[in-house]
Structures are given as structure tokens and as C-alpha cells.
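Everything below concerns the one structure shown next.
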Amino acid sequence: MSQLHELSLTELRGLLTAKKTSPTEIIDAIASRVDAVDPSIRAYVYFDPASAKKQAAKVDLSLPLGGIPVAIKDVINVKGDQCCCASKILDGYTAPYDATSIRALRSAGAIPLGRTNMDEFAMGSSTENSAFQITRNPWDTTRIPGGSSGGSAAVVAAREAVAALGSDTGGSIRQPAALCGIVGLKPTYGRVSRYGLVAFASSLDQIGPMTRTVEDAALIFKAIAGHDEADSTSLNTPVEDPLPLLRTGINGLRVGLPKEYFIKGIEPGVEKAVRDAIKQLESLGAEIHEISLPHTEFAVATYYIIATAEASANLARFDGVRYGHRTNQADSLIEMYGRTREEGFGPEVKRRIILGTYVLSSGYYDAYYLRAQKVRTLIRRDFIKAFEEVDVIACPTTPGTAFKLGEKTNDPLQMYLADIFTIAANLAGICGLSLPCGFSEDSGSRLPVGLQLLGAPLDEAMLLRTAYAYEQATGWHKETPAL
Amino acid sequence: METGAVTLAQPARKFWILRNSPNNRPMLDSTINVRHLAHLARLNLTEEETVAFESQLGQVLNYVKTLELLDVSGVEPTAHAAPVFNVFREDEIRESFSESEALANAPRKANDLFIVTKVVE
């Protein structure tokens, strides 16, 4: 029989309801696994199984996630735990409240366990921008796990967590999910409350599940989705239960292949795995249509204007007064702000604050920010039009597999281009999912490839159903890294 | 082109040619006054950071100029993609943080207040 840490959320729920295991046993199994493998992966920045076991004693096992520990990205507030966004400027910060998504997990019976590493303030694509530690890809520890939710992806892939929450501003759930060979869902903008998620780019950020299987993702999505009056952009729309639809198959499903996502420069192994996955969808009854999303090539540029503009405003709150780090070398208030922020922020965060300040500054606002917001409209229209013809869009999640640690750290633009296939979904506010679709060989390493499925606003159930049909027909999710 | 790099818009390719030119100096048609922006953002930078950011952000700005290729006349801007606007709650008193909770993470505090550096003479 498999050990507890190897089982999916759904499998563990089965054992729990049959009284064949207990939440405490599961937490102990996870803790042993963390002791065994995290010294080489370094994906947790905080891990306190004793506190989780105390919560486990009171948990109601009849709830949908009853007794399941869930790892949380270090950007989401969990009352009483650190929430540092992998930044020195929040060193020592203890969350005074639960994010709405955490409250929802608890209401469903789940137990938050451990904070996962990330790029500082979720800015990055490799988790190398963490101020705390470098996280390694469980499939090849000389490579990056992706980012910014690299810690959440790595703990799920390395079987150091049953499931995790991540956040996705330009691909930060889907890209690391693809590079670590797991499932990652970015819900429609407004689906999951952002209250208690430390803001990076408020019009793009969205919390979502990172799991071993599609069914696990559906269970967590169902628990955290829904209206919240504490988030003024939260959608007051009923959430369709994705679970009854999972097994209904995809016969007659219209799948769109955007020609702009199959371009020169994609790694051949990635393209082959994705093309094979599309053939598989076809053999399951889907109709394949070529479509066009003509403004795709402008998404990265649009994103780096809008996201940095919003970040420069959001990060103004870190001023050394109310929380976090404060310099001890300043005589005036303005010098206190300047030095506190100099000492607290890392290089990528500083770069983005400067760029965001520039695109919003007098004389440049219309040329950059306003223009980018207009291009954003064009990108959104592309998708709305496409979803009149197809039910789901299928494409690669990333142009390549996990790259080597340090490979792109000195070239911000190349790092930004790692997200070219994921960014448009955030700009358009639609939902997206990445799931394992095979492996590609690179320099002797066998590395996971992700298939990205994009869905119309509020159509997470369609994404999950499509993903489930593919997953059950292929079984890539059963492959585990050798650790 | 390097492994893993992806072909994008025409200007991106042009950018590649520029970056890989023999003297390897990016041709900046956008200058960015990092020192001034750092002051606006209340963010002190070292001399090395200032110089590095000028070059790196110049390259990024060169890249984002691809947006100039598009005709956006008559297009409404999108601020966010959620179809909700002007959301208000009832104007009623609700429970919120106590003074001690609100001050729990303050780097300096006294008498239920945040302490800041002197602002007035």
C-alpha cells in the first residue's frame, strides 16, 4: 500500500471517511516527508506541524476537505503565522487575520500547514527572487521550479504537501504547475476573494489551487470560490459545482487551437507533448478548430506596464510605519521611507517599482499606461470572440521546460518572456488551468510539460471537466519525481 | 537566437539584433531617469543599482514600444476585467481590529500610537 504522503487529496478523504487514517497521521506523514526531502528542495519557508495537529483535533471529518492539510503560499494571510511574501521588508510580520480563502478552507475542514516559498511579492517566474532561499525543481534539483508560486508547486510535486494554494498574476500558478508536473487552476478574475492576499497587481491577481489531480483541484476550487463583500471586485455570481460534471466526458466539445501559441521558438519536446495531448482530446470526442487571438504578441508588453503600475501603487504601503522592517539610520521622515524601502526590497521589486512609477508619471501616463489599458481591451475582445466559436482553448502553458538555476537571473526581459502563454488570461480576466501532458528531454533530464486549457469567464467547470477526461485517459499525474 | 527564446513581434526581433551586436550595448530610444523616479517612489538606490536599472529598464521600454504598432483610437481602456463597479457596503459600524491588534506588527509604537520620525520643525 502507498504511504500516506503519496496519496491524493481525494484518496486521503476516502481513508478518512472510512476511518482508516486520521488527520494527525496524515500530518505526521507529511512532516516526515518534509524532513526527508525539503533539505534538498527548500520549498517551505515556515512549517509548524504541531500547531496543525492542534487544529486537526477539532476538525469535522464530515466536511468536504475535513482533515486535509493544505500548504499556503507566503503571500496569503493565515492568522498567527508569518506572511512575509518572501521579502525582508515583511520580516517578522505575523498575520493578524485570516484571508477569506483561508477562512473558506477552514470552513470546509481543511488545515493550513506551512508557508511556501515564492518570488518576492510574487514578482518573478523562477522563485529565485525570494529573499529567503532558492527552491529547486523536484524533477531536477539543478533547475528552477517556476514561479512565482514555485514553493507551492514544488511541495505538491515532491509529495511534501497534499495540495497547496498559489496566486496567479501573470501565470504564477499555471507556469510552476507546468514545470513541476502538477495541476494548477487560475480561476476567473473575481471568483475567489482577494481579501487577505497581499496585493501585487490588484486587477490581475487571483488565488487558486495547486494539486496532484484535477479532482483535487475541483474540490479546493469549490471550497474557496464565491462572493465576498470584503473584496469589491468579488463576483456575486453562483458557483456551479464542478464535481458532478467531471465525469461527463468531452464528446462534441469544441477545442480551439490559437495559431499564435504554436510559434517558432517553442522547445520541440514541449510542442510534441502538447500536439499529442490535442490528438488525445480529439480521440475522446472533441472537435478541434484552429482559431486566432490576433493581439497575443502584445500581451507581455501590456502586462509589464499594467502590473508594474499597480505594483508601484500597492507597494507604497511598505513605509516602515505600520508593519515590517524599518531602518534605524534616518533623521527625516523622507529618508526613513527611502532607506527602509532600500533595505527591505530586493532588486526585482525595486526594478518594477521604478518602472511602474515611470509609466504612471506625468507626461508618460497616456503613452504607456492608458495605451496599455486600451490594448488590454483588444486582448479581452479576442478571447470573448473566440469563446463564441469554441468551448475551451488548448495550448502550451510555457514555451520551454524548467530552465537551470541562474540561467535568466541577469536578463529581466528573458525572464518576463517565460510567461508569454499565461499572461493574456490575466489581462482578459478569463480562467485557465495547467495539467501534466508528458515529458521532454533536456540535457539528460526528463522534465514535465504542461497543457494549458483556457476557458470563458466563470467556466471553470468546463476546464476541470476537459482536464479530468484527459487526465483519466493518460495517467501522467501518476508519475512522481525520484527523490 | 538563444535556446528557449521565443519569436515575438517584429520589434522584439529587432531588439535581439541590437542586443547581440558586437559592442553589446542596447540602443536606447527610451531614456529613463531612474534617480528622479527613485525619489518619487521614496526608494533609495545605490549608484550601481541606478546604472543597472537604467540599462535594464531601457531594454524593457524598448520592448514595450511594440504597443505603438497598434491603432487604439476609439478603444475604451480596461481597468479590470470584472463586470462590477461602484460597490458600496451599508454605512454601519462593524467590528474591526483593536488598538493592540492593529499595532501588533508596528516597528515602533507607544501609548497605542505608531511612532514616526519628526515631520514638523
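The values are calculated or read from the model by the stated rules, or taken from the named source; none is laboratory data. Small disclaimer: the values here were computed from a predicted structure and weren't measured. When we count neighbours, we look across all protein chains shown, and the Cβ atoms used for this are built from the backbone with ideal geometry, even at glycine.
Does B:Thr50 qualify as being in a helix (DSSP H, G or I), touching a helix residue (DSSP H, G or I) at 6+ places or on another chain (Cβ under 6 Å) and more than 7 Å from chain A (Cβ to nearest Cβ)? Break it down stepwise before answering.
Numbers: in a helix (DSSP H, G or I): yes; touching a helix residue (DSSP H, G or I) at 6+ places or on another chain (Cβ under 6 Å): yes; more than 7 Å from chain A (Cβ to nearest Cβ): yes.
Answer is yes for this residue.
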Unique residue being buried (at least 24 other Cβ atoms within 10 Å of the Cβ) and touching a residue at least 24 places away in the same chain (Cβ under 8 Å) when the list is A:Ile182, A:Ile134: A:Ile182
When residues of segment B:65-97 are limited to those that are over 24 Å from A:Ile384 (Cα atoms) and surrounded by 10 or more Cβ atoms within 10 Å (Cβ to Cβ), the one nearest to the other protein chains (Cβ to nearest Cβ): B:Val87
Neighbours by Cβ (under 9 Å, 6+ apart or cross-chain): first from segment A:428-446, touching a residue at least 12 places away in the same chain (Cβ under 8 Å) and within 14 Å of another protein chain (Cβ to nearest Cβ); second surrounded by fewer than 19 Cβ atoms within 10 Å (Cβ to Cβ) and small (Gly, Ala, Ser): A:Ser440/A:Gly269; A:Glu441/A:Gly269; A:Asp442/A:Gly269
B:Val119, sole failed condition from (1) at pLDDT below 90; (2) among the hydrophobic types (A, V, I, L, M, F, W, C); (3) surrounded by 10 or more Cβ atoms within 10 Å (Cβ to Cβ): (3)
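Being in contact with a Ser or Thr (Cβ under 9 Å, 6 or more places away or on another chain), at pLDDT 95 or above and closer than 29 Å to A:Ile353 by Cα is the requirement here; does A:Gly196 meet it? Outline the logic, then answer.
On the way: in contact with a Ser or Thr (Cβ under 9 Å, 6 or more places away or on another chain): yes; at pLDDT 95 or above: yes; closer than 29 Å to A:Ile353 by Cα: yes.
Yes: the conditions hold for A:Gly196.
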Among the candidates A:Ser445, A:Ser440, A:Ser434, residue that is closer than 27 Å to A:Arg465 by Cβ and surrounded by fewer than 21 Cβ atoms within 10 Å (Cβ to Cβ): A:Ser440
Among residues of segment A:91-119, those that are buried (at least 24 other Cβ atoms within 10 Å of the Cβ) and either of a type in the set (Gly, Ala, Ser) or within 14 Å of chain B (Cβ to nearest Cβ) (or both), counted: 4
Cβ pairs under 7 Å, 6+ apart, first in segment A:83-105 and at negative phi, second basic (Lys, Arg) and assigned to a loop (DSSP other than H, G, I, E, B): A:Ala95/A:Lys79; A:Pro96/A:Lys79; A:Tyr97/A:Lys79; A:Asp98/A:Lys79
Some residue of segment A:329-339 being out of contact with any strand residue (DSSP E or B) (no Cβ under 7 Å at 6 or more places or on another chain), more than 7 Å from chain B (Cβ to nearest Cβ) and in contact (Cβ under 8 Å) with a residue 60 or more places away in the chain: no
When residues of segment A:396-415 are limited to those that are touching a Phe, Trp or Tyr at 6+ places or on another chain (Cβ under 9 Å) and part of a loop (DSSP other than H, G, I, E, B), the one farthest from A:Leu453 (Cα to Cα): A:Ala402
Pair list, Cβ < 6 Å and 6+ apart or interchain, from segment A:291-310 residues that are closer than 14 Å to A:Leu413 by Cβ to residues that are basic (Lys, Arg): A:Thr308/A:Arg352
Subset tally (residues that are within 23 Å of A:Gly66 (Cβ to Cβ) and acidic (Asp, Glu)) for segment A:94-151: 1
Residues of segment A:19-59 classified as touching a residue at least 60 places away in the same chain (Cβ under 8 Å), in a loop (DSSP other than H, G, I, E, B) and either on the phi > 0 side of the Ramachandran plot or surrounded by fewer than 20 Cβ atoms within 10 Å (Cβ to Cβ) (or both), total: 2
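Being among the charged types (D, E, K, R) and within 10 Å of the chain's Cα centre (by Cα) is the filter here; which residues of segment A:142-190 pass it? Explain how you work it out, then say what you get.
Step one: list which residues in segment A:142-190 are among the charged types (D, E, K, R), which gives A:143, A:159-160, A:168, A:174, A:186.
Result: A:Asp168, A:Arg174, A:Lys186.
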Top-ranked residue in segment A:342-389 [being within 9 Å of chain B (Cβ to nearest Cβ) and not in a helix (DSSP H, G or I); ranked as nearest to B:Leu43 (Cα to Cα)]: A:Phe345
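Matching residues to (1) in a strand (DSSP E or B); (2) farther than 25 Å from A:Ala230 by Cα; (3) of a type in the set (S, T, N, Q); (4) at pLDDT 95 or above:
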| position | (1), (2), (3), (4) |
| --- | --- |
| A:Gly92 | no, yes, no, no |
| A:Pro96 | no, no, no, yes |
| A:Ile102 | no, no, no, yes |
| A:Arg115 | yes, no, no, yes |
| A:Ser126 | no, yes, yes, yes |
| A:Asn129 | no, yes, yes, yes |
| A:Gln133 | no, yes, yes, yes |
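Quick test for you: out of A:Pro294, A:Pro268, pick the one residue that is surrounded by fewer than 20 Cβ atoms within 10 Å (Cβ to Cβ) and under 28 Å from A:Ser203 (Cβ atoms).
On the way: A:Pro268 fails: under 28 Å from A:Ser203 (Cβ atoms).
Exactly one of A:Pro294, A:Pro268 is surrounded by fewer than 20 Cβ atoms within 10 Å (Cβ to Cβ) and under 28 Å from A:Ser203 (Cβ atoms), namely A:Pro294.
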Hits in segment A:227-240 - residues which are away from every other protein chain (no Cβ under 14 Å) and surrounded by 13 or more Cβ atoms within 10 Å (Cβ to Cβ): A:Val239, A:Glu240
Exclusive hit being small (Gly, Ala, Ser) and closer than 27 Å to A:Leu246 by Cα, set A:Gly14, A:Gly92: A:Gly14
